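Accompanying notes for the structure given below.
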Amino acid sequence: KGGSVTLEAGIQTNGAINTSAILDLQSGSIIDLSVAANQSNSQSLGKFTGTLHLRAPRTASNNDLQIAAIGSTITGASHIIVEGVKLYDLTGTSGTITSTVQNQIRSDSNAYLGSNGATTSGYTALKNRLTSLNPSLDLVLAPGVEIINRNGSLILGSTSSTSSSDWDLSSFRFGPQGAAGILTLRASGNLTFHNALSDGFSGGTNLWLSPLMANNGLLPTNAQSWSYRLTAGSDFSAANFRETLALDRLAANTGMLELGKNLGSATVTGGANALTSTLVANNFQVIRTGSGNIDINAADSVRLLNQFSTIYTAGTQVADPTKVLAAGDFIV
């Protein structure tokens, strides 16, 4: 498996974006993400060479981003993701990521890249501009969403909310490839998830019963799902999203990522009961994605508040469950 290269420009500090910054990969430069072949097999077992992540703010008009036409020679990339970021600043509010905020994110992303499966003139113009110096580049254009609270916490749901307040990103897909995006959450206080943040699963009667999504066939396998970048106790003077405040600069009981409804102890007896228990439905708070990445940083701690609270990635359904490198690898 190859490594990764991430290049960013114009990223927000203290809630302000540098609108004059440009990420400029000029002709003559080289980005090499290739992987040496296995000695006994010409294919790397995971089939993944390195990944290249290019990140910059969208323009004010929401139809372009602050990346110049890509002139670099890029070799051995399993995928090149181009993230155009839009900032949502909840400072001065309760910090709750409401359905109104979520719907605005969907609407803005649709305007930026087009709805799922649609090829808009704006999408075509953006891709043509980025590849004008290098027409053979295979890019994944993705929406970037950064939600911040510079003076407090970010909260999903409430202590009394039901599963209807889960944030299911499985339908947040954009452009002709049905691309997922990258979600960045940064709060100077806590990141509190009373409800689930989920992608990569859909089709069940409940989120906790939904099966893993199938590969959509239009994107690299490792670019199928949303990635999350989560920072509690964030230092907003730093451009690096991972940077946190020192503990002596934090208010009491802040700088934590908390997941789950803390309703005390409870017991479910019997496998059949566990499958239908309201305990599971009301306490299934997860942070999960399919083939995306989850990057968590906390100035203080990460707390899982009930027995069903989990954080994980799961992949995608394989196209052929009997095959990895050749037909018949597995017999079903």
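Normalised size of segment 152-201, defined as Cα radius of gyration per 2.2 N^0.38 Å with N residues, equals 1.33. Computed in the context of the full set of protein chains, the accessible area of the chain at 1.4 Å probe radius has 50% of its extent on carbon or sulfur.
Computed from point charges on the beta carbon alone (+1 for Lys and Arg, -1 for Asp and Glu), the dipole magnitude for the chain about its Cα centre is near 220 Debye.
Placing unit charges on the Cβ atoms of the charged side chains and taking the dipole of segment 120-209 about its Cα centre, the candidate lying farthest along the positive direction among 164, 195, 126 is 126. Full extension of the chain between residue 29 and residue 73 gives 15.2 nm of extra length, using 0.36 nm per residue less the Cα-Cα distance.
Pairs of Cα atoms in the chain fall into 20 Å distance bins, from 0 up to the last occupied one, in shares of 29, 57, 14, 0 percent. Between the listed residues 293, 225, 115, the Cα displaced farthest toward the positive end of the dipole of the chain, a dipole computed from Cβ unit charges relative to the Cα centre, is found at 115. You can think of it this way: the chain between residue 318 and residue 136 has 62.8 nm of extra reach, that is 0.36 nm per residue less the Cα-Cα gap.
Around residue 150, with a cut-off of 13 angstrom between Cβ atoms, what is the net charge of the other residues, counting Lys and Arg +1 and Asp and Glu -1? Neighbourhood net charge equals -2.
Can you compute the FRET efficiency between residue 6 and residue 209 using 1/(1 + (r/R0)^6), with r the Cβ-Cβ distance and R0 = 41 Å? Round to the nearest 0.05. Rounded to the nearest 0.05, the efficiency is 0.70. Dividing the convex hull volume of the alpha carbon atoms of segment 85-240 by its residue count gives 128 Å³ per residue. On a per residue basis, segment 160-206 carries 25 Å² of accessible surface, using protein heavy atoms and a 1.4 Å probe. Per residue, segment 1-152 exposes 47 Å² of solvent-accessible protein surface, assessed with a 1.4 angstrom probe and all protein chains in place. Were the residues from residue 62 through residue 247 laid out at 0.36 nm apart, the gain over their Cα-Cα distance would be 62.9 nm.
The values are calculated or read from the model by the stated rules, or taken from the named source; none is laboratory data. The model shown is predicted, which means the values in this text are computed figures rather than measured ones. Cβ: placed from backbone, ideal geometry, glycine included. Neighbour counts: every protein chain shown. Just the protein is used for accessible areas: all its heavy atoms, side chains included, with ligands, DNA and RNA removed. Shrake-Rupley method; radii C 1.70, N 1.55, O 1.52, S 1.80 Å.
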